[in-house]
Every structure is written in C-alpha cells, then in structure tokens.
Amino acid sequence: MKPPLVTFLAFLAASLPSAVTAQSRPSEKPNLILILCDNLGYGDTAPFGSNLHRTPNLERMAREGMKLTHLYSASGVCTPSRAALMTGLYPKRVGLHMNATGGPVLHPVSPIGLNPDEVTVAEVLKERGYATGIIGKWHLGDQPDFLPTRQGFDSYWGIPYSDDMTPRPGSPNPPLPLMRNETVIEAPVDRNELTRRETEEAIRFIRQHKERPFFLYIPQAMPGSTTAPFASAAFRGKSKNGPWGDAVEELDWSVGEILGALQREGLDDRTLVIWTSDNGAPRRDPAQGSNLPLGGWGYSTAEGGMRVPGIARWPKQIPAGTVSAELITLMDMLPTFAFLAGANRSGPRPFDGKNIWPILAGRPDARSPHKAFYYYYLDQLQAVRSGPWKLCLPLSRRRTFGKVENVPLRLYDVIQDPAEARDVAAAHPDVVRALEALAAEARRDIGDADQPGVGQRPPGRVANPQPVLLRPREAGR
C-alpha cells in the first residue's frame with residue numbers, strides 16, 4: 001500500500017547531511033523541467049565532444065549552466081532507467097528490472113508496470129502545489145493503472161512505449177498510439193513529427209502554467225530505439241550522420257525552443273532545466289550514435305551504457321560555464337527536486353537517490369553523496385563503483401543484450417580510464433576487497449540473480465491486459 005504522502009515527506013530532514021539546511025535552499029520554489037532523450041550517446045553532442053552533430057543550443061546551455069560528466073542512469077535500457085528516475089530507487093527494488101517474460105523492457109500490452117503503490121517524483125511535487133505534466137515516451141506500463149495520469153501527473157501527451165514497438169512480421173504490436181491523458185488520439189502516430197510536436201506541447205504547457213510552480217517531464221522519443229531514427233522535414237537529410245544525426249540536431253533545436261519560451265514568459269531565472277539521456281547509444285552496424293570517450297554501448301553495464309550526458313541550467317543559482325565530475329545519478333532527481341520544492345522527502349522505505357543540490361549550486365565543498373553505485377543488467381549485479389574505482393565482478397554467465405559470456409574480475413579507474421581499457425585489479429587488492437564488500441551489501445539489500453534482496457518489492461500487475469486501442473475512451477482524464 002502506498003504510504004501516506006504526508007508521512008512519506010516527513011523523513012528527509014533527519015536524513016539530509018547537516019550542510020544541506022533550509023537556509024541553503026533557494027527562497028522561491030523553482031519551476032522544474034527535466035528533458036530526457038532516448039538512447040542518446042554520451043558523445044553525441046558538442047558539449048560532450050561531438051564534432052559530427054551541430055548542437056548550438058546545448059552548447060549555449062552548457063555555457064550558461066553546469067556540465068555533469070559523471071551522471072549515471074540506473075540501467076542501460078529504457079524501462080528500468082525510467083523507473084529509477086521516477087521513484088529515486090534502483091529498478092530492482094520496484095520490480096521493473098525486467099519484463100514479465102524475463103526480457104529487459106516492457107512491451108505493448110504488458111501485464112506489469114510501475115506499481116501504483118510506489119511514490120513518484122510527480123506525486124511528491126504535486127503534494128507541494130506543483131502543476132505536473134509529461135510530454136513524450138512513458139514506457140512504464142500501458143495499462144490504465146500504470147499510466148502517468150495515475151502516477152501523479154496532471155496531464156500526459158505522448159507514446160506509452162518505445163517508438164519502434166510497431167506492427168511487423170512476427171510481432172503482435174498494435175499501431176503506435178499517441179495518447180492525451182488516457183485517450184488514444186492517433187494511431188499510428190507519424191514518428192517524423194514527434195520531436196516537433198513534443199516541443200509545441202511543452203511550450204503550450206509552460207504558457208498555461210506560468211503563474212504557478214510546475215514540473216514538466218519531457219522524455220523525448222528520439223533518437224529512439226529503432227535502427228532508423230526520425231526527424232521532421234526541416235531536419236531530415238540535413239546532418240552529416242544520416243537519420244541519427246538528423247534526430248540529434250532536431251533534439252538540440254527543441255532545447256533552444258524550450259529555453260526561448262522560458263525567456264519570453266519571464267520564467268528563465270525561476271526555472272531549473274536538466275537535460276540528459278535515459279542510457280547510452282546502442283551498438284549499430286554501421287555505428288550511428290557515439291558514447292566516446294566511454295567504452296561500450298547502450299543496453300549494457302559498460303560506462304558507455306550507463307553514464308549519460310547531463311547539463312543543468314538555472315541562471316543565478318547554478319554557476320555558469322562549470323563542470324562537475326562528482327558521481328551522481330538519475331535517481332537523485334526526485335530527492336533534489338523535492339528539496340527545492342520544500343518537500344523534505346525521504347521515506348520509511350529504502351531510498352537510493354540523494355539530494356545533489358549542493359553539487360548543482362557549485363558549493364566548493366560539495367562531494368558525491370554516494371558511497372557506492374551499482375550496475376545491474378536485468379536481475380544480475382555486474383559491477384560496483386565507489387569513488388574513481390569500478391569493479392566488474394567475475395561472472396560465469398554474464399548477461400548482455402542477446403548473449404551470455406564468461407568474464408573475469410576486473411578493476412578500472414573510470415576517471416583516468418573511461419574506456420575501461422586497463423585492468424588494474426592486481427595492483428590494488430585492497431580496493432578490490434572494499435568493492436567486493438560493497439557488492440555483498442547490494443546483494444543482501446537489492447538482490448542479485450537467484451538471490452532476492454530484502455529491499456525488493458513487486459511491480460504492479462493486471463490480470464487481463466488489453467491494447468490501448470481497444471480500451472474505451474476515457475474523457476476528462
């Protein structure tokens with residue numbers, strides 16, 4: 001049963017570091033915008049090293065804000081990454097580390113989804129008087145109980161799962177639906193127009209809610225899971241990198257349009273905008289996205305799979321032109337936003353995200369609040385990071401997207417060696433032992449393959465899932 005929000009919000013004050021006091025919080029509740037790209041690689045934009053894609057608006061955002069160079073998703077694939085962002089918890093805690101048949105992401109007409117008993121960032125902020133909206137790809141369940149409008153969002157416009165989950169030979173997927181709240185308004189939706197229309201909806205939301213604090217979550221559908229990303233006519237065929245580059249450059253345009261709307265509405269100095277990706281770019285042949293200088297690809301626990309680009313901008317609050325290399329995670333968004341909204345949120349349940357406002361505010365003594373960060377693929381703990389050190393655990397059946405392999409123990413300094421090219425385990429046995437002890441803690445609490453953790457909970461589940469196209473229209477939701 002979902003704990004009462006009043007009780008749920010009352011716990012953070014005792015758990016916050018002593019340096020994070022009410023006096024360190026900005027006096028006015030900010031508007032909060034979180035832009036989440038889909039499968040965008042760490043090295044796909046100019047602020048993070050791309051010489052291939054034109055991304056002037058993200059370059060501007062980085063000049064006016066803070067680059068986050070050690071920001072991690074909690075998974076290398078879509079559904080678990082988004083579940084962690086919404087709840088501030090590792091996806092294995094909330095039962096969305098895999099789908100109902102043991103695969104990595106939810107598919108259309110899934111019987112499971114984000115459990116309504118979990119408390120989401122939208123619910124926490126709504127309790128503090130925020131208008132809450134989501135525009136884009138949800139991917140946490142397409143059944144009514146799992147939709148955003150049942151998880152704290154006042155409004156929803158977007159697709160309920162990945163853009164490539166469409167009808168094709170051997171697949172029972174229905175036409176890709178576009179939804180407003182709980183009603184399908186188009187099927188199939190034109191994927192070429194998604195980024196443009198998401199941007200228009202975002203600007204409309206900003207205008208409609210400019211008189212009160214708002215939380216706008218924009219999980220954009222592109223570059224997407226498909227092997228052929230989509231872009232509107234203004235961008236199609238214009239980049240140096242085919243459809244992937246076209247999609248990236250339109251996503252950059254979208255950022256510029258959203259920042260421009262904030263300025264026009266007089267909201268620039270009152271709005272925190274965070275831009276990031278749900279996981280790294282997947283491997284394609286030939287390559288499309290880039291995770292350089294990180295090693296590996298999306299859909300894995302390599303750095304390139306789970307370390308994501310991030311930029312935070314809030315004029316006069318976040319120091320301009322700065323870079324943070326502190327280890328932070330997408331799970332930190334919930335407690336950080338809650339802190340800024342004055343919610344003082346924690347809870348009686350295990351909670352993995354931390355308030356990272358001191359880091360974003362550029363405090364010189366601010367350090368990562370994470371003793372450890374855990375890399376899971378499905379239910380399997382594959383690596384642990386603490387400080388600069390990443391220990392890849394020895395596994396006889398290490399699972400990666402589409403294959404199983406035998407791997408030895410390896411230790412990397414991922415600050416000096418982000419490509420994970422130099423195993424230094426033999427030179428640092430003390431570090432290895434310390435990280436093995438942290439891994440043992442995770443196995444007891446969060447769990448591991450064939451080893452349930454004491455902190456795990458089940459996903460939401462329905463008995464007879466139905467395609468969204470077959471459900472009756474639910475006007476007014």
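Read the figures in this text as sums done on the coordinates, not as results from a lab. Since this is a predicted model, take the numbers as computed values, not measurements. Cβ sites come from the backbone with ideal geometry, for glycine too, and all protein chains shown count toward neighbours.
Return the calculated 222 nm mean residue ellipticity for the chain, to the nearest 500 deg cm²/dmol, obtained by summing -39500 (n - 2.57) across DSSP H runs with n ≥ 4 and dividing by the residue count. It would help to have the intermediate numbers written out before the result.
On the way: 11 runs with 106 residues, N = 477.
For the chain, the value works out to -6500 deg cm²/dmol.
Rounded to the nearest 5, what is the percent of antiparallel bridges among the DSSP beta bridges in the chain?
55
What number, in percent, do you get for the relative contact order of the chain if the mean sequence gap of Cα pairs under 8 Å and at least 6 apart is divided by its residue count?
Numbers: 1140 pairs, mean separation 117.8, N = 477.
Normalised by residue count, the contact order of the chain is 25 percent.
Of the peptides 102-112, 150-160, how do they stack up when ordered by the mean number of other Cβ atoms within 10 Å, highest first?
150-160, 102-112
Just tell me which lysines come within less than 18 Å, Cα to Cα, of Lys210; anything on the same chain fewer than 8 places away is out.
Lys210 reaches Lys29, Lys126.
Give me the net charge for the shell around Ser300: Cβ to Cβ below 12 angstrom, other residues only, Lys and Arg +1, Asp and Glu -1.
+2
Amide H to amide H, which residues 5 or more places from Thr55 or on other chains are under 5 Å from it, using H placed in the peptide plane?
Ala46
Treating only the Cβ of Lys, Arg, Asp and Glu as charged (+1, +1, -1, -1), what charge dipole size does the chain show about its Cα centre? Round to the nearest 20 debye.
Working: 55 positive and 50 negative charges, 83 e Å.
Dipole size: approximately 400 debye.
How high is the FRET efficiency between Val323 and Asp269 when r is their beta carbon distance and R₀ equals 22 Å, given to the nearest 0.05?
Taking R0 as 22 Å, the efficiency between Val323 and Asp269 is 0.50.
Please sort by residue number the trypsin sites (Lys or Arg not before Pro) in region 281-382 whose DSSP state is loop and whose Cβ has at most 13 other Cβ atoms within 10 Å.
Arg284, Lys316, Arg367, Lys371
Which residues in region 91-107 have a backbone N closer than 20 Å to a point placed 7 Å from the Cα of Thr227 along the Cα-to-Cβ line?
The answer is 104-105.
Would you please state which residues of region 101-139 a label at Ile185 would reach in this model, taking the label point 7 Å out along Cα→Cβ and a backbone N cut-off of under 17 Å?
The answer is 132-138, whose backbone nitrogens lie closer than 17 Å to the label point.
Can you sort Ser225, Ser24, Ser396 by how many other beta carbons sit within 10 Å, fewest first? Numbers along the way, then the final one.
Working: Ser225 22, Ser24 13, Ser396 8.
Going from least to most buried by this count: Ser396, Ser24, Ser225.
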